[in-house]
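Please read the structure below before turning to the comments.
Throughout, read-outs are computed from the coordinates displayed, never taken from laboratory work. Here the structure is a predicted model, which means the values were calculated and not measured.
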Amino acid sequence: MKGLPVQCPACSTRYLLPQSLLGEAGANVRCPSCGREFAVDAAGTLLGPAQEIRGVARHVFDELVARVGPDLEAAARERRLFAEHGPALLEAWDEFRRRAGTNAPSLPFRDELRARFGVELFPPGGE
Ligand SMILES: [Zn+2]
């Protein structure tokens, strides 16, 4: 199977990322060697720290949208996103922190939320 060559930023292991794992915006990868998660764009370029974290947020929201479905966007338009999907958003937040690291800034997550749904998240724990 054809793949995209990528390199882990933590341990420098090189491998081929299956094309099937790549989305339009790239992919989030977990290094099979050291477990580090990182993001690459659709061309396999490693995204820099800020972009990398934004890529994590994007991926988490992609999964959230895939899981919840189009009602998520309808809810956002009608300003009932938090009322109806609060737990799912908190799960997305937890997932984001799991992948990006517990010290990751919340800004990329909030930026992505704003970009997608036009809503502001009051960050858990503040910042
Ligand atoms: Zn690695």
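Provide, in order from the shortest bin, the percent of all Cα-Cα pairs of the range 48-118 in each 5 Å bin, continuing until the bin that contains the maximum pair distance.
4, 17, 30, 26, 14, 7, 2
Check which residues have an amide H placed less than 5 Å from Gly26's amide H, if you skip close sequence neighbours.
Ala42
Percent relative contact order of the chain, based on C-alpha pairs within less than 8 angstrom and at least six residues apart?
Reported as a whole number, the value is 17 percent.
Give me the distance between the Cα centres of the range 64-113 and the range 1-27, rounded to whole Å.
25
Taking amide hydrogens as modeled 1.01 Å from N in the peptide plane, which residues meet the under 5 Å criterion relative to Glu37, leaving out close sequence neighbours?
Here the answer is Cys31, since their amide H atoms fall under 5 Å of that of Glu37.
Is it possible to state the helix-based mean residue ellipticity at 222 nm for the chain, with each DSSP H run of 4+ residues giving -39500 (n - 2.57), the sum divided by total residues, to the nearest 500 deg cm²/dmol? What is it?
Counting only the DSSP helices, I get -15000 deg cm²/dmol.
Can you compute 3J(HN,Hα) from phi for each residue in the range 6-22, using the Karplus curve 6.51 cos²θ - 1.76 cosθ + 1.60 with θ = phi - 60°, rounded to whole Hz and x for Gly and Pro?
10, 10, 5, x, 8, 10, 6, 5, 9, 7, 9, 8, x, 4, 5, 8, 8
So what's the chain giving for Rg/Rh, alpha carbon basis, Kirkwood Rh from the mean inverse pair distance?
Reported Rg/Rh (Cα atoms, Kirkwood Rh): 1.00.
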